[in-house]
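Trainee: Here you go, one structure.
Computed from the coordinates by the stated procedures, all read-outs in this text should not be read as laboratory data. Only a predicted model underlies this, so the values are computations on that prediction, with no experimental measurement involved. Methodologically, a virtual Cβ is constructed for each residue, glycine included, from the backbone with ideal geometry; neighbour enumeration extends over all protein chains shown.
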There are 2 protein chains.
Amino acid sequence: MSERRQVNLGVDDIPHQWYNIIPDLPEPLPPPKDPEEGESRLGNLPKMMIGECLKQEMSAENWIDIPDGIRELYSQAGRPRPLFRALNLEKRLDTPAKLYFKSEFFSPTGSHKVNTALAQCWYAKQQGFERVTTETGAGQWGTALSYASAVTGLKCTVFWVRSVYNWKQDRLTFMELLGAKVYASPSPMTEFGKTLYDKNPENVGSLGIAISEGLEDSFKDPKATYCLGSVLNHVLIHQSVIGLETQKQFEIFDDYPDIVISCLGGGSNFGGFALPFVGDVLKKGKKIKFIAAQSQVAPNLQGEYRFDFADYAEKTPLLKMYTLGHKIDMEPIKGDGLRYHGCSPILSLLRNKGYIDTIAYPSDEKHVFETSKIFMEAEGWLPAPESAYSVCCAIEEALKCKESGEKKVIAFNVSGHGFLDIPGFRVVLGL
Amino acid sequence: MSERRQVNLGVDDIPHQWYNIIPDLPEPLPPPKDPEEGESRLGNLPKMMIGECLKQEMSAENWIDIPDGIRELYSQAGRPRPLFRALNLEKRLDTPAKLYFKSEFFSPTGSHKVNTALAQCWYAKQQGFERVTTETGAGQWGTALSYASAVTGLKCTVFWVRSVYNWKQDRLTFMELLGAKVYASPSPMTEFGKTLYDKNPENVGSLGIAISEGLEDSFKDPKATYCLGSVLNHVLIHQSVIGLETQKQFEIFDDYPDIVISCLGGGSNFGGFALPFVGDVLKKGKKIKFIAAQSQVAPNLQGEYRFDFADYAEKTPLLKMYTLGHKIDMEPIKGDGLRYHGCSPILSLLRNKGYIDTIAYPSDEKHVFETSKIFMEAEGWLPAPESAYSVCCAIEEALKCKESGEKKVIAFNVSGHGFLDIPGFRVVLGL
């Protein structure tokens, strides 16, 4: 073959350890804290989180062993996933830049979310739980937890932001095929949800509200535990397999990125993809520009860096993060996974220290979807609406290289596929 | 890891040659012929087919070199694809059988059809064509050709059986995102289609009718060529990458199948998966049971073995094959890719000589979808409706082993994913 377009790895190359950036951070990560008034949320953490995940949340270890059982689940889910060189796209853009993308869309549920869902379900099962509860926005996380609970033998309850639940009927069916119970949120199934639902049964909901419902549901059932798909440290730790595989694949390509890009809502795919490379910057003196692609409806990295709740109903501890405020109302968008008020504390600290740039795209999403259509036509892969932000940002950086003549190496993550989100493309692009 | 659940291969393991079974067949394959009356169809073949494909159609070579350009396209499309061991499913069924499945669903368009679409578009481009035309049933082939034409820089026109076109709006959008022009068939765009369309604009159509329209459209445009996604020898040759990869993966698993299963409409995924193993039977004395999973609406392998047209309007030559008659009306089903009147001549000959068994499942599809839901829950992958027939058949064979206590090794192909076909599952399973 003239030029290499793809590197895959074997099952034995699935990382044996997750990467935990906390000990490498330029300054200590501010721990979560309780608000000055009201009951202790920190005291609730052991009820809110799987024991092993709580341990990882606080871990000062740089590398955390991945249990064999979880590596086996990763292999069952098709890991490792290929790293592609987007040669057609480079030609189409006529750019001197080199473009590489990671294929997290090669996933049973269509996104990177399975990487932490499988780990959390495996640990939950070990701890004797029989059911997991959660919230979901775009639906990728809810689907991933439905999948992971099915293959590990747990029951699963999902509270789904109503604005998205209403238009993603196929994704709902998929979760049901996997055996999950799914409710539109705010729902009448929880006390907190009922207060909002009774006022307005058409309340479009938000991730913050749905988190509150998932937590309340698990608090009431000793056999159930809550799982969160983003924001928290242990989630980013589990997701580090994305970046670790990508580093190994870049070695085989004999190349290394100058720019690392992904979309960012709460930060799980961005963190999983970028943090191993941030580690290279912090420890090996590498120079990389990191860009988080966001929506103008939730440009949380352009918010305030302060302590805030992770959920609407204030059941979580306060986290030091970039936030738009946990009570903010955000307009629905098709890339709904990006619609969250705060950014993961780890990524927020790195942003605050100047390691991460951000760009926020207009909320009508036309520019994002039209730009990512160039990628679809050239490379043939259908990104999820959220991943389209990552694709759009990568194309813009490649076009800047065209102007400047710079031969930069651009790596971007395609965190999921859009097979279940096609109506969104149809509506926005007017097809 | 305790037990190996998956084997993947690297890009360098993409086969360098396709396998052509024709010289190994137990007796010579009857060549296509002209009907006794009317104009010569054989004379039309060079107009109907890409030159290199026509050459392959007649080739007596056992191994045909895969051009570097096509291997590069295969790598761009994510090949090789993993072979999975279905350990969860084995446990769930409590069977002594071992179950392995090939993941053709790891495809840009969701099915194995890209394997020949990419080859045909690459050859068409080499020959100077600017546009490809085709028909599609389930939509998998039309999507694959839309994809392949996009990444090779060709235009694409698809005639889509109306009964499926009507309920797969998302797949239609996907083809349009890839830049294809798509018409419900019978359409008013061709003379033949118009005769049927004018009588009844709601005519549900058939693959045979859509083939006739695709052919007519290409005949009228010297810059266009027609592509067929199944039945013909060159298609099965291109698809042999599936079985060749699987053989290499079985070596790494240190195992070998006793039973090889896939669904069968025209025969392309069945042939691609099974024929390299049939070669082992014919040349190496291996003993394997081959089973084609079909629908009772189109049990073509239970039809007559005789010469018949491949299309409704009798524009193709006569092929010696198992057929239900090219004018048969077939009830619509969700696994519409199986709804074709004839089976590939190569597979028909092997069936006639006793090498291939067949089973046909009831047309309400409840049994097939309910059985394949066990696979979804255990392994977490969502098969296409057609692939669900393969899954169902594999589960039934595994349950027979449970009764008999036999430790058989069962290999089945999951030819595509069902992300764009979820409404079919919802309707049939009443979700």
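Trainee: Fully extended, how many nm does the chain gain between B:Lys33 and B:Asp364 (0.36 nm per residue separation, minus their Cα-Cα distance)?
Mentor: Roughly 115.5 nm would be gained on extension.
Trainee: Considering only Cα-Cα distances, which of the following residue pairs are longer than 31 Å: A:Lys155/A:Lys315; B:Lys33/B:Lys220; A:Lys55/A:Lys248; A:Lys102/B:Lys402?
Mentor: Violating the 31 Å limit, Cα to Cα: A:Lys102/B:Lys402.
Trainee: Using Cβ counts within 10 Å as a stand-in for footprinting exposure, how do A:Leu420, B:Leu145 rank, fewest first?
Mentor: Lowest to highest Cβ neighbour count: A:Leu420, B:Leu145.
Trainee: Check the straight Cα-Cα distances from A:Lys199 and name the lysines below 18 Å, setting aside those fewer than 8 residues away within the same chain.
Mentor: Hits, sequence-local ones excluded: A:Lys327.
Trainee: Can you compute the radius of gyration and Dmax for region A:98-239, using only the Cα atoms, both in Å?
Mentor: Cα only, region A:98-239: 14.8, 54 Å (Rg, Dmax).
Trainee: Reachable aspartates and glutamates from B:Lys286, Cα under 17 Å, same-chain residues fewer than 8 places away excluded?
Mentor: Hits, sequence-local ones excluded: B:Asp24, B:Glu251, B:Asp254, B:Asp255, B:Asp258, B:Asp357.
Trainee: As an exercise, identify the GluC sites (Glu not before Pro) in region A:150-229 lying in DSSP coil whose Cβ has no more than 11 other Cβ atoms within 10 Å.
Mentor: Here the GluC sites (Glu not before Pro) that fit, given the DSSP loop and packing criteria, are A:Glu202.
Trainee: Related question: Counting other Cβ atoms within 10 Å of each Cβ, which chymotrypsin sites (Phe, Trp or Tyr not before Pro) in region B:77-116 have at most 12 and sit in a DSSP loop?
Mentor: none
Trainee: What do you get for the angle between helix B:207-219 and the principal long axis of chain B? Use alpha-carbon atoms, 0 to 90 degrees, nearest ten.
Mentor: Roughly 50 degrees between the two axes.
Trainee: Does anyone have the angle between helix B:140-152 and the longest principal axis of chain B? Alpha-carbon axes, 0 to 90°, nearest 10?
Mentor: Orientation of helix B:140-152: about 70 degrees from the principal axis.
Trainee: Mean shadow of region B:350-431, computed from the convex hull of its alpha carbons, in nm²?
Mentor: 6.6
Trainee: Using only Cα atoms, figure out Rg for chain B and give it as a multiple of 2.2 N^0.38 Å.
Mentor: 0.91
Trainee: Could I ask something else about it? Percent of Cα-Cα pairs per 10 Å bin, from 0 to the last occupied bin, for region B:67-134, please list those.
Mentor: 18, 35, 24, 14, 8, 1
Trainee: Between helix B:268-284 and chain B, what is the angle of the helix's C-alpha long axis to the longest principal axis, kept within 0 to 90° and rounded to the nearest 10?
Mentor: Helix B:268-284 sits roughly 60 degrees off the main axis of chain B.
Trainee: Helix-derived [θ] at 222 nm for chain A: sum -39500 (n - 2.57) over DSSP H runs of at least 4, divide by residue count, nearest 500?
Mentor: -12500 deg cm²/dmol, from helical runs alone.
Trainee: Listing B:Asp24, A:Asp421 from the residue with the fewest other Cβ atoms within 10 Å to the one with the most, what is the order?
Mentor: B:Asp24, A:Asp421
Trainee: Sticking with this one: Could you line up A:Phe412, A:Phe309 from fewest to most neighbouring Cβ atoms inside 10 Å?
Mentor: Ranking A:Phe412, A:Phe309 by Cβ neighbours within 10 Å, fewest first, gives A:Phe309, A:Phe412.
Trainee: Taking every pair of alpha-carbon atoms in the protein assembly as shown, give the share separated by more than 53 Å as a whole percent.
Mentor: Taking all Cα-Cα pairs of the protein assembly as shown, the fraction more than 53 Å apart is 12 percent.
Trainee: What would the Debye equation give as log₁₀ I(q)/I(0) for region A:269-309 at q = 0.22, 0.32 Å⁻¹, counting only Cα atoms as equal point scatterers?
Mentor: Values, matching the q order: -0.86, -1.04.
Trainee: At 10 °C and a viscosity of 1.306 mPa s, what translational diffusion coefficient does Stokes-Einstein give for region A:24-121, taking Rh as the Kirkwood radius over Cα pairs? Give it in µm²/s as a whole number.
Mentor: Here the translational diffusion coefficient equals 91 µm²/s.
Trainee: Quick one: which residues, 5+ away or cross-chain, put their amide H under 5 Å from the amide H of B:Tyr361? H built at 1.01 Å from N.
Mentor: Distant-sequence amide H within range of B:Tyr361: B:Gln294, B:Ser295, B:Gln296.
Trainee: Quick one: which residues, 5 or more positions from A:Lys155 or on another chain, have an amide H under 5 Å from its amide H? H modelled 1.01 Å from N in the peptide plane, none for Pro or chain starts.
Mentor: A:Arg131, A:Val132
Trainee: Could you tell me the relative contact order of chain B? Use alpha-carbon pairs under 8 Å, at least six residues apart, and round to a whole percent.
Mentor: So the answer I get is 20 percent.
Trainee: Quick check: convex hull over the Cα atoms of region A:232-317, volume per residue in Å³, rounded to an integer?
Mentor: Considering the Cα atoms of region A:232-317, their hull volume per residue is 117 Å³.
Trainee: Sticking with this structure for a sec: Where does region B:250-366 land on Rg/Rh, using Cα atoms and the Kirkwood Rh?
Mentor: Rg divided by Rh gives 1.01.
Trainee: Find the all-direction average of the projected area of the Cα convex hull for region B:154-193, expressing the result in square nanometres with one decimal place.
Mentor: Projected over every direction and averaged, the Cα hull of region B:154-193 covers 2.9 nm².
Trainee: Averaged across A:419-427, how many Cβ atoms of other chains sit within 10 Å of each residue's Cβ atom?
Mentor: 5
Trainee: Excluding same-chain residues fewer than 8 positions from B:Lys168, which aspartates and glutamates have a Cα within less than 13 Å of its Cα?
Mentor: A:Asp170, B:Glu176, B:Asp336, B:Asp421
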